[in-house]
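Some notes on the structure that comes next.
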Amino acid sequence: MTPPRFSTRFAILAASALALMFTPGLPDASAMPRGAQPAITDTALPVVQIAQSKKPKSEFWRKKVRLQTDEKPGTIIIDTSTKYLYYVEGNNRATRYGVGVGRDGFGWSGTVKVGRKAEWPDWRPPASMIARERRKGRNIPTYVKGGINNPLGARALYLYKGGRDTIFRIHGTNQPWTIGLNMSSGCIRMMNKDVEHLYSRAAVGSKVVVIGPNGKGAEKLYTDRGMDFFGSLFGG
């Protein structure tokens, strides 16, 4: 029997769908919000290829490291000078993630807490951001529904100080190539797979210590002693 013939267009669309499901830094179908599906169009394949070519440098990929610190397990340390976030596990071990941080003028430091968490969060930019971007000739929406095109990505951890929202978040991104760069308005960006990993481990109420862009105080808070070989080999 002669095998059925598929059109070139169908083959391109099928390849695009597979690429969307398995490309690092982009959510697969099972991780997407209910009811959402990736748009399969003639332009899907080039978009995926661009995303793949702009992945973060390997130094910002998730790793198990040996970390000397007095902070308790479950604490999150963010060093915006090195672009690393550490989830402290105890016994001088931590998981290290690469992050994107605030651009010039938007860096900050301090101790806060995870006030709440959300999966596939909606985005409501603050009025100050909307006004600032408008002055630059860019109009941004006042609301973006959660999903693959949302700037907050797959997960968000909302940072609170004294019981109040700081307006800063640890969140995913639909621009994974910005990890390791100073690009945000003060929020901490992570690759979607990384923020999902952190989200599953960090509880509401977790302490978060943020070191400013000048790195001041980092040497008193922690020492990164490099890759934890056995942790990387057998850890999650």
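None of the figures in this text is laboratory data; all of them are computed from the coordinates on show. Keep in mind that what you see is a predicted model, and the values were worked out from it rather than measured. Counting neighbours? That spans all protein chains shown, and the Cβs are built from the backbone with ideal geometry, glycine included.
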Cut-off under 14 Å on the C-alpha distance; same-chain residues fewer than 8 positions from Lys220 excluded. Which aspartates and glutamates are left, in chain and number order? Asp70, Glu71, Asp79
Greater than 21 Å apart at Cα, pairs in Lys117/Lys145; Lys54/Lys136; Lys63/Lys145; Lys63/Lys216; Lys54/Lys113: Lys54/Lys136; Lys63/Lys145; Lys63/Lys216; Lys54/Lys113
Under 8 Å for C-alpha pairs, at least 6 residues apart: give me the relative contact order for region 66-110, rounded to a whole percent. 32 percent
First measure r as the distance between the Cβ atoms of Asn149 and Ala127, then evaluate 1/(1 + (r/R0)^6) with R0 = 25 Å and state the FRET efficiency to the nearest 0.05. 0.70
Extension gain, Phe106 back to Asn139 (0.36 nm per residue minus Cα-Cα distance, nm): 9.9 nm
